[in-house]
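The values are calculated or read from the model by the stated rules, or taken from the named source; none is laboratory data. Bear in mind the structure is a predicted one, so any value in this text is a computation, not a measurement. Cβ: placed from backbone, ideal geometry, glycine included. Neighbour counts: every protein chain shown. Accessible surface is based on the protein model in full, side chains and every heavy atom, while ligands, DNA and RNA are left aside. Shrake-Rupley method; radii C 1.70, N 1.55, O 1.52, S 1.80 Å.
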Amino acid sequence: MNTYKLSTMAMRTFVYIVLMVLLIITIVPIWMVIVNATRSTTEIQQGLSALPSTHLVENYNFLLSKGLKLGRGFLNSLTVAGASTLITVYFSLLTAYGIVVYEFKGRRLFSNFIIVLVMIPMQLTIIGFYQYMARLGLTDNYLSLILPLIANAGGVFFGKQYFESMLIQDLIDAARIDGASELGIFHQIVMPLAMPGAATLGIFSFVASWNNFLNAFVLITSLDKYTLPMMVKTLQGDVYRTEYGAIYLGLAITIVPIIIFYAIFSRYIINGIALGAIKE
């Protein structure tokens with residue numbers, strides 16, 4: 001018995017150590033970016049520091065003085081990421097619900113096709129995608145970044161895996177007997193139960209859309225419509241090349257909203273894990 005306790009404690013200690021190392025590897029680069037955003041170019045050149053400095057306002061004013069419209073870029077990114085997240089979560093879960101609940105011919109083939117789509121890199125289809133958007137007249141339009149996410153293969157795959165582990169068919173059948181419509185069942189019964197999964201998918205979708213540079217770079221041409229990652233890309237120009245503090249500040253501004261978004265919705269993920277454990 002003592003041997004079992006010792007082995008359990010040793011394994012638990014090892015797991016904690018690995019998790020701490022992964023946490024440090026994840027947090028330290030982000031913290032260094034935030035710290036350097038408050039330091040001057042001279043301080044950054046002198047070496048690393050774990051403590052913030054006092055040049056945050058100076059770096060911010062430098063970015064504004066060179067014509068970088070951070071506020072505009074932030075609102076543009078927030079608009080695209082917010083709309084993309086809502087569309088991805090709703091239509092992905094709706095499609096996944098139909099695949100899991102309904103029996104239809106070719107369901108397995110359709111599911112396998114979704115997996116194939118998930119494995120195809122976006123870079124391989126960007127030329128055809130651009131031509132398709134051009135024919136629809138959606139270039140230099142945010143709709144070209146938002147509407148295609150109605151058919152998000154990754155979101156559908158995630159929703160399918162999630163529903164297969166938590167949906168109770170008897171509950172759906174009971175709602176049908178009571179006269180509930182199919183959409184009513186999805187909105188009033190399935191979605192409330194799937195909130196942890198929807199929050200998780202929402203976090204992934206928001207982060208992916210917020211960081212999406214390739215699609216926006218190809219499809220958006222107007223400077224006023226640039227998203228924040230596109231504006232940060234301009235920091236590589238000659239105007240900012242020697243202003244390291246300003247560059248780090250631009251990078252930090254793109255990171256902070258993601259951290260805030262995750263902090264708000266992460267509790268749904270934790271609750272979902274706890275509910276799954278109770279169900280098991």
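Can you go through 53, 84, 49 and tell me which one is loosely packed, with under 15 Cβ neighbours inside 10 Å, small (Gly, Ala, Ser) and at negative phi?
Values: 53 fails: loosely packed, with under 15 Cβ neighbours inside 10 Å; 84 fails: loosely packed, with under 15 Cβ neighbours inside 10 Å.
Residue meeting the stated conditions: 49.
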request  = Give the stretch 111-132 a look and list any residue that's touching a helix residue (DSSP H, G or I) at 6+ places or on another chain (Cβ under 7 Å) and without any contact (Cβ under 8 Å) to a residue 40 or more places away in the chain, or say none.
outcome  = 117, 118
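Is it true that residue 219 is surrounded by 17 or more Cβ atoms within 10 Å (Cβ to Cβ), hydrophobic (A, V, I, L, M, F, W, C) and either in contact with a Lys or Arg (Cβ under 6 Å, 6 or more places away or on another chain) or at pLDDT below 85 (or both)?
The answer is no for residue 219.
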message = Whether any residue in the stretch 218-228 is among the basic types (Lys, Arg), within 16 Å of residue 76 (Cα to Cα) and under 25 Å from the mean Cα position of the chain (by Cα) is what I want to check.
response = yes
ask   = Mind checking whether some residue in the stretch 29-45 is over 26 Å from residue 213 (Cα atoms), small (Gly, Ala, Ser) and open to solvent by 60 Å² or more (accessible area, probe 1.4 Å)?
value = no
remark   = Apart from one, (1) in contact with a Leu (Cβ under 8 Å, 6 or more places away or on another chain); (2) closer than 26 Å to residue 226 by Cβ all hold for residue 153; the odd one out is (2)
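Condition check ((1) modelled with pLDDT of 90 or more; (2) within 30 Å of residue 222 (Cβ to Cβ)) across all residues:
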site: 73; (1), (2): no, yes
site: 80; (1), (2): yes, yes
site: 95; (1), (2): yes, no
site: 109; (1), (2): no, no
site: 117; (1), (2): no, no
site: 127; (1), (2): no, yes
site: 158; (1), (2): yes, no
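Among the residues in the stretch 39-48, are any among the hydrophobic types (A, V, I, L, M, F, W, C) and under 28 Å from the mean Cα position of the chain (by Cα)? Can you show your working first?
Step one: of the stretch 39-48, the residues among the hydrophobic types (A, V, I, L, M, F, W, C) are 44, 48.
Filter once more, keeping what is under 28 Å from the mean Cα position of the chain (by Cα): none.
No.
Would it be correct to say that residue 95 is of a type outside the set (A, V, I, L, M, F, W, C) and crowded, with 17+ Cβ neighbours inside 10 Å? First the steps, then the outcome.
Details: of a type outside the set (A, V, I, L, M, F, W, C): yes; crowded, with 17+ Cβ neighbours inside 10 Å: yes.
Against the criterion (of a type outside the set (A, V, I, L, M, F, W, C) and crowded, with 17+ Cβ neighbours inside 10 Å), residue 95 qualifies.
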message = Within the stretch 140-150, does at least one residue satisfy the condition of being at pLDDT 85 or above and farther than 23 Å from residue 229 by Cβ?
response = no
message = Taking the conditions exactly as written (within 30 Å of residue 230 (Cβ to Cβ), more than 28 Å from the chain's Cα centre (by Cα) and open to solvent by 100 Å² or more (accessible area, probe 1.4 Å)), does residue 103 satisfy them or not?
response = no
request  = Among what's in the stretch 133-163 and is over 25 Å from residue 78 (Cα atoms) and out of contact with any helix residue (DSSP H, G or I) (no Cβ under 6 Å at 6 or more places or on another chain), pick the residue that is surrounded by the fewest Cβ atoms within 10 Å (Cβ to Cβ).
outcome  = 135
request  = Just give me the residues in the stretch 164-193 being closer than 20 Å to residue 90 by Cα, of a type outside the set (Phe, Trp, Tyr) and open to solvent by less than 60 Å² (accessible area, probe 1.4 Å), in sequence order.
outcome  = 166, 167, 172, 180, 184, 185, 189, 190, 191
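Just to be sure I understand, how many residues within the stretch 93-152 are part of a loop (DSSP other than H, G, I, E, B) and either in contact with a Pro (Cβ under 9 Å, 6 or more places away or on another chain) or farther than 25 Å from residue 164 by Cα (or both)?
Pass one, the stretch 93-152, residues part of a loop (DSSP other than H, G, I, E, B): 102-106, 120-121, 136-142, 152.
Now narrow it down to the ones that are either in contact with a Pro (Cβ under 9 Å, 6 or more places away or on another chain) or farther than 25 Å from residue 164 by Cα (or both): 121, 136-142.
Adding up the residues that qualify gives 8.
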key: Subset of the stretch 36-56 (residues that are in a helix (DSSP H, G or I) and either of a type outside the set (Ser, Thr, Tyr) or touching a residue at least 24 places away in the same chain (Cβ under 8 Å) (or both))   = 36, 41, 43, 44, 45, 46, 56
